[in-house]
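Quick note: the coordinates plus some simple rules give every number you see, no bench work behind them. Just so we're clear, the structure is a prediction, and the values are computed from it rather than from any experiment. Glycine gets a Cβ as well: all are built from the backbone with ideal geometry, and neighbour counts include every protein chain shown.
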Protein chains: 2
Amino acid sequence: MHGEVKPGLAMTLRGIGKEFGVSMTPAREAVRRLVAEGALSLSSSGRVSTPELSNDRIEELAAIRALLEPELAARALPRAHLALIDRLQSINATIGQVIERHDAPGYIRANLEFHRTLYLRAQAPAMLAMAETVWLQLGPTMCDLYGRLNRTTPPQHHRLIVAALKAGDEPGLRVAVRADVTQGLRMLAT
Amino acid sequence: MHGEVKPGLAMTLRGIGKEFGVSMTPAREAVRRLVAEGALSLSSSGRVSTPELSNDRIEELAAIRALLEPELAARALPRAHLALIDRLQSINATIGQVIERHDAPGYIRANLEFHRTLYLRAQAPAMLAMAETVWLQLGPTMCDLYGRLNRTTPPQHHRLIVAALKAGDEPGLRVAVRADVTQGLRMLAT
DNA sequence: TGGGCGCAAACGTGATCACATATCAGCGCG
DNA sequence: CGCGCTGATATGTGATCACGTTTGCGCCCA
């Protein structure tokens, strides 16, 4: 999810087992679960690797985010109290620092923490799980793209999200979240 | 997904293995995959069973359907030719027959076939997979509910969907699909 | 008769193994 | 010099087993 493993990297069950000090059986279970969630892809011979997403697939996954996440944010809005907004702003500050360091996985991690912190308030576990599944699928590819771009602009959409939360403005919040989610896609087109 | 197994039913790995003539290992993999997809729930002791969904969870899953499926339908709309519409109408006729027979799993299966046939045209595999995951989670509970209700009215929303497809009316299609998806939820409230 | 209690059966977990298959390096041929 | 073949190595699959834990049934006592 955090993009710590590059897209297209192949792995073996025995290798994973050795890496974590377990036998093949738990490694197999973990791998098969990640395959079921779309985080890893299974070749016809059973070999496993991180998927290399096509542009169409990325667009599709971004579209799913653009559907789910505004709804999650809207559901969180009535439950968003001051402490939550403070927390979001603090995470936002961290994101600014991470960007300066050009730390792509760190940026992804902090960015997702911002979204997850907000969506946790929505009290919608199935919807959140679904969003995290999408993040999991996008992780390696997104991190690769961010790493290539070396962007230096802080996330202005997050500020808009926080502002809409403070104002209790649901339509504005939906628009801000959708814009934040779609921004990553636009970056790909360049 | 088709609701052939009742909610809350517990299963054992050795039992599943014996049922399908394999050992525990493949049974474990299959079960863990279904757990990852949310179709089965894993107790703290590792025992597995079909989940009994709370009303909140059902509402949430229906909301996800209401988000994803209109989008899938809209993406399928430009690609929907006459043969597809014929196929949908034929499935619709089947649904009418199944309802007369009070065959709840058959109804679920035919209903999902209607939706899947349409959504396959959307050329959006990730989004379709996500919708199917939701169906998988709802399957047992929905079938249970349908079985209790013994409804006799044919699905009028499907007719609206077909009409909107014929007319090339995207907003109307989105509304019709959303109404069809939400209908199941309304039934629960009674 | 109802409610704890204990024990045996059953369960999940993780390890190991045999086997069929895929992968890749090296080599020989064109 | 490039291409295909071949064999050794490595991989996934499914079975089986030992072990610690949970479960559920029967029994005992109040």
Legend entry - Rounded tilt (10° steps) of B:125-149 against the dominant C-alpha axis of chain B: 80
Legend entry - Given charges at beta-carbon only (K, R positive; D, E negative), |dipole| of chain B in Debye: 240
Legend entry - Percent RCO, i.e. relative contact order, over chain A, from Cα pairs under 8 Å lying at least 6 residues apart: 32
Inset, instruction - Counting only GluC sites (Glu not before Pro) that are in a DSSP loop and have at most 16 other C-beta atoms within 10 Å, tell me the longest site-free stretch of chain A. - result: A:53-190
Inset, instruction - Take peptide B:122-130, look around each residue's Cβ out to 10 angstrom, count Cβ atoms belonging to other protein chains, and average those counts. - result: 5
Legend entry - Across the identical copies, how the A:GLU19 labels are spaced - nm, sorted shortest first, 7 Å along Cα→Cβ: 3.5
Inset, instruction - Could you estimate the translational diffusion coefficient of chain A from the Stokes-Einstein equation, with Rh from the Kirkwood formula over C-alpha pairs, at 25 °C and 0.890 mPa s, in whole µm²/s? - result: 140
Legend entry - Positive-end residue, the protein assembly as shown charge dipole about Cα centroid, Cβ charges, pick of A:GLY172, B:VAL31, A:ASN55: B:VAL31
Inset, instruction - State, to one decimal in nm, how far the label point of A:ASP169 lies from the label point of B:PHE20, with both points 7 Å from Cα in the Cβ direction. - result: 5.3
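Can you pull out the trypsin sites (Lys or Arg not before Pro) in the range B:59-116 whose DSSP state is coil and whose Cβ has at most 13 other Cβ atoms within 10 Å? Walk me through the numbers before you get to the answer.
On the way: sites: B:ARG65, B:ARG75, B:ARG79, B:ARG87, B:ARG101, B:ARG109, B:ARG116; in loops: B:ARG101.
Qualifying residues, ordered by number: B:ARG101.
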Legend entry - Whole-number percent relative contact order across the range B:30-133, with pairs defined as alpha carbons under 8 Å at least 6 apart: 31
Legend entry - Stokes-Einstein D for the protein assembly as shown, Kirkwood Rh over Cα pairs, 37 °C, 0.692 mPa s (µm²/s): 145
Legend entry - the range A:10-49: radius of gyration over Cα atoms, expressed as a fraction of 2.2 N^0.38 Å: 1.06
